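The values are calculated or read from the model by the stated rules, or taken from the named source; none is laboratory data. On a predicted model such as this, the values are computed, not experimentally measured, just so you know. Cβ coordinates were reconstructed from backbone atoms using ideal geometry, including for glycine residues, and neighbour counts include every protein chain displayed.
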Amino acid sequence: MKLSEIISKAEDLGSFYFSVFFRWLKDPSRDNNVSLIVRLIFQAVVYVIWKERNQMLHLSVEKPPGIIIEEIKQVIRLRLDQVARIQAVL
């Protein structure tokens with residue numbers, strides 16, 4: 001099997017799992033709180049990776065993966081704190 005065939009099959013498989021993931025992301029759970037948390041995690045990951053990518057491109061600054069993971073956790077914590085406060089008021 002040629003390298004181009006392997007890459008083609010990997011791309012097909014990747015796009016399949018990508019579409020399955022997004023279908024699942026639309027309705028990850030019957031529990032509204034779990035759905036909210038899953039979506040917040042997804043948004044935090046996309047945001048922090050996008051921010052890191054821009055820093056690498058424009059500032060030539062690269063962070064270790066551990067720091068990026070901590071930033072993702074911090075974004076999630078801050079957002080969940082806001083949600084918890086809103087739900088406590090209701």
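Condition (residue is more than 30 Å from Gln87 (Cβ to Cβ), at pLDDT below 85 and not acidic (Asp, Glu)) applied to the stretch 53-75: is it met by at least one residue?
Within the stretch 53-75, not a single residue is more than 30 Å from Gln87 (Cβ to Cβ), at pLDDT below 85 and not acidic (Asp, Glu).
Within the stretch 55-81, can you find the residues that are surrounded by 10 or more Cβ atoms within 10 Å (Cβ to Cβ) and polar (S, T, N, Q)?
Gln55, Gln74
Quick one: what pairs do we get from the stretch 29-58, first residue closer than 15 Å to Ile69 by Cβ and basic (Lys, Arg), second surrounded by 11 or more Cβ atoms within 10 Å (Cβ to Cβ) and at pLDDT 90 or above, C-beta under 9 Å, 6+ apart or different chains?
Lys51/Glu71
If you check every pair at least six apart or on different chains, which have Cβ atoms under 6 Å apart with a residue in the stretch 71-88 that is more than 13 Å from Leu40 (Cα to Cα) first and a residue that is assigned to a helix (DSSP H, G or I) second?
These pairs meet every condition: Glu71/Val48.
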